[in-house]
Amino acid sequence: MTNKADYSSLKASEDIKERLQEEFPTLISLAASPPDEIVRRCEINRSTAERLVNQARKLLGKAEPITAAELLEQRLAKPRITTSSQQLDEILGGGVAVGAITEFSGAFSTGKTQLAFQLCINVQRSFDEGGLEGTALFIDTENTFSPARVAEMSYSFTSEPKEILKKIFVSRAYNADHQVQIVQKSDKLIRSNDVKLIVVDSMASHFRAEFPGKDNLPRRQQMLMAHAEVLQRLAEAYDLAVMTTNQILSNPDSLLSNNIEPALGFAWGHRPTHRILLRKSRGTTRIARIFDSPELAEREAVFHITAQGIRDGPPLDY
Ligand SMILES: Nc1ncnc2c1ncn2[C@@H]1O[C@H](COP(=O)(O)OP(=O)(O)OP(=O)(O)O)[C@@H](O)[C@H]1O
Ligand SMILES: [Mg+2]
């Protein structure tokens with residue numbers, strides 16, 4: 001299924017190929033990029049950029065439509081990352097999908113970051129154990145990444161948590177611009193370390209803080225859209241999962257339960273493929289509800305946050 005075409009098959013001068021490869025390390029990322037972005041980042045003219053993008057798509061066999069039957073076969077063949085909760089996996093269609101953005105929204109302490117930690121561990125596990133045998137890139141916008149907590153959760157699978165921590169690349173994003181840049185420049189890291197999960201925790205904090213009020217909305221939306229587009233492109237180009245977290249707002253007109261809705265508005269709302277809202281229940285209990293997905297029904301799952309991580313049942317001493 002994977003097409004092996006690479007830069008050596010591209011008809012262009014060595015100089016241009018070098019410049020392209022520096023910014024877009026694989027033919028897949030080149031094929032998925034808008035020509036204007038290639039012009040800007042590689043300083044080549046637009047017609048050359050268009051020609052090379054088209055060539056790359058042809059080489060990869062992505063220029064022509066495929067049948068829905070083929071698409072179904074491709075999708076079914078794609079593994080997913082387990083959340084360590086069977087119930088949650090089930091409403092997600094088997095776990096967190098690759099090639100897509102999955103968003104978890106919720107109030108504080110609903111488990112967004114804990115879920116992200118669990119996925120960073122689980123992505124490293126074997127395919128048989130619900131992993132992708134890859135590594136994780138964690139983009140931390142709130143300074144909440146906790147290696148100690150990830151180590152604690154890792155003990156369920158290994159006596160050497162350090163080995164797990166070594167396969168999680170943590171980038172602290174200091175502002176919205178920095179957050180966007182980390183993602184834009186992540187191609188090389190993804191390729192050389194087989195990154196199979198990108199976490200953005202949280203998508204909302206910098207954007208909401210730096211672009212307050214209605215006047216700033218158009219600029220915020222524009223930047224968010226471009227950011228989301230790069231994330232989606234990486235997800236598809238490298239068959240990796242993107243997990244984002246989002247804050248919530250109160251809105252009495254919300255169509256969701258409890259008069260709340262995810263932050264960042266409509267424009268962002270269309271970007272994640274699957275959207276899940278988390279809420280707290282008694283003690284360690286959390287409830288996840290899928291509310292926006294092109295293929296998954298609106299369903300709820302109950303899970304628990306335990307010392308060992310995300311689980312179906314409560315901790316034994318609970
Ligand atoms: N070591 C631990 N053992 C058991 N439960 C823990 C542990 N650490 C955190 N938790 C649970 O996880 C909860 C915090 O969840 P999490 O950090 O995922 O919240 P969040 O949804 O990311 O919130 P925020 O919006 O503030 O970032 C705590 O309230 C606690 O219930
Ligand atoms: Mg958090």
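If each of Lys185 and Ser8 carries a label point 7 Å out from its Cα toward its Cβ, how far apart are those two points in nm?
With each label placed 7 Å out from Cα toward Cβ, I get 3.0 nm.
Roughly how big is the chain's charge dipole about its Cα centre, with Cβ charges of +1 (Lys, Arg) and -1 (Asp, Glu), in debye to the nearest 20? Spell out each step's value before the answer.
On the way: 39 positive and 41 negative charges, 58 e Å.
Roughly 280 debye for the chain.
What does the charge count around Glu160 come to, taking other residues whose C-beta lies under 12 Å from its C-beta (Lys +1, Arg +1, Asp -1, Glu -1)? Walk me through the intermediate numbers first.
Values: positive: Lys162, Lys166, Lys167; negative: Glu163.
It works out to a net charge of +2.
Over the chain, with every protein chain in place, what whole percent of the accessible area is carbon and sulfur at 1.4 Å, could you tell me? Could the numbers behind the result be given before it?
Numbers: 7790 of 15620 Å².
For the chain, the apolar C and S fraction of the accessible surface comes to 50 percent.
Please report, in whole Å, how far the alpha carbons of the chain spread along each principal axis, starting with the longest.
Sorted from largest, the Cα extents of the chain read 66, 50, 40 Å.
Over all directions, average the projected area of the Cα convex hull of segment 101-167 and note it in nm². All intermediate terms of the calculation are to be shown ahead of the outcome.
On the way: hull surface 19.9 nm².
Averaged projected area of segment 101-167's Cα convex hull equals 5.0 nm².
Can you give the calculated 222 nm mean residue ellipticity of the chain, where each DSSP H run of n ≥ 4 adds -39,500 (n - 2.57) and the sum is split over every residue, rounded to the nearest 500 deg cm²/dmol?
Working: 14 runs with 124 residues, N = 318.
It lands at -11000 deg cm²/dmol.
Provide the FRET efficiency to the nearest 0.05 for the Asp239-Glu298 pair, computing r from the beta carbons and using R0 = 25 Å. Intermediate results must be reported in sequence, preceding the final value.
On the way: r = 27 Å, r/R0 = 1.08.
Calculated value: 0.40.
Report ³J(HN,Hα) in whole Hz for each residue of segment 37-48, in order, from the Karplus equation J = 6.51 cos²θ - 1.76 cosθ + 1.60 where θ = phi - 60°; Gly and Pro get x.
Result, rounded to whole Hz: 5, 5, 4, 5, 7, 10, 6, 10, 7, 5, 5, 5.
Counting only protein chains, not ligands or nucleic acids, how are Glu70, Glu37, Glu18 ordered by accessible area (probe 1.4 Å), most first?
Glu18, Glu70, Glu37
Sorted by accessible area (1.4 Å probe), largest first, how do Ser13, Ser8 line up? Walk me through the numbers on the way to the answer.
Numbers: Ser13 60, Ser8 95 Å².
Ranked list, largest accessible area first: Ser8, Ser13.
Return one number: the angle in degrees, 0 to 90 and rounded to the nearest 10, between the long axis of the Cα atoms of helix 217-237 and the longest principal axis of the Cα atoms of the chain.
With both axes taken from Cα atoms, the answer is about 80 degrees.
Tell me, in nm to one decimal, what length is gained between Glu129 and Phe108 on full extension, where the rule is 0.36 nm per residue of separation less the Cα-Cα distance? Each step should come with its number before you reach the end.
Values: separation 21, 0.36 × 21 = 7.56 nm, distance 2.99 nm.
Between Glu129 and Phe108, full extension yields an extra 4.6 nm.
Would you please give the FRET efficiency between Asp253 and Ala226, computed as 1/(1 + (r/R0)^6) with r the Cβ-Cβ distance and R0 = 41 Å, to the nearest 0.05?
On the way: r = 29 Å, r/R0 = 0.70.
It comes out at approximately 0.90.
Among Ser156, Ala204, Thr82, which residue has its Cα positioned farthest towards the positive end of the charge dipole of the chain, with +1 placed on the Cβ of Lys and Arg, -1 on the Cβ of Asp and Glu, and the dipole taken about the Cα centre?
Ala204
Solvent-accessible area per residue for the chain at a 1.4 Å probe radius, Å²? Provide the component values of the computation, followed by the final result.
Numbers: 15620 Å² over 318 residues.
That works out to 49 Å² per residue.
Ala267 to Arg75: FRET efficiency via 1/(1 + (r/R0)^6), r the Cβ-Cβ distance, R0 25 Å, to the nearest 0.05?
0.40
Cut-off 12 Å, label point 7 angstrom out along Cα-to-Cβ of Ser156: give me the residues of segment 291-318 whose amide nitrogen falls inside.
Under cut-off, by backbone N: 303-316.
Report the trypsin sites (Lys or Arg not before Pro) located in segment 1-99 that are in a DSSP loop and have at most 12 other Cβ atoms inside 10 Å of their Cβ, or state none. Walk me through the numbers before you get to the answer.
Values: sites: Lys4, Lys11, Lys17, Arg19, Arg40, Arg41, Arg46, Arg51, Arg57, Lys58, Lys62, Arg75, Arg80; in loops: Lys4, Lys11, Lys62.
Sparse-neighbourhood loop trypsin sites (Lys or Arg not before Pro): Lys4, Lys11.
The values are calculated or read from the model by the stated rules, or taken from the named source; none is laboratory data. Predicted model only: the values in this text are computed from it and were never measured. All Cβ positions, glycine included, derive from the backbone under ideal geometry; neighbour counts span all protein chains shown. Just so you know, the surface numbers come from the protein's heavy atoms only, side chains and all, with ligands and any DNA or RNA stripped out. Shrake-Rupley method; radii C 1.70, N 1.55, O 1.52, S 1.80 Å.
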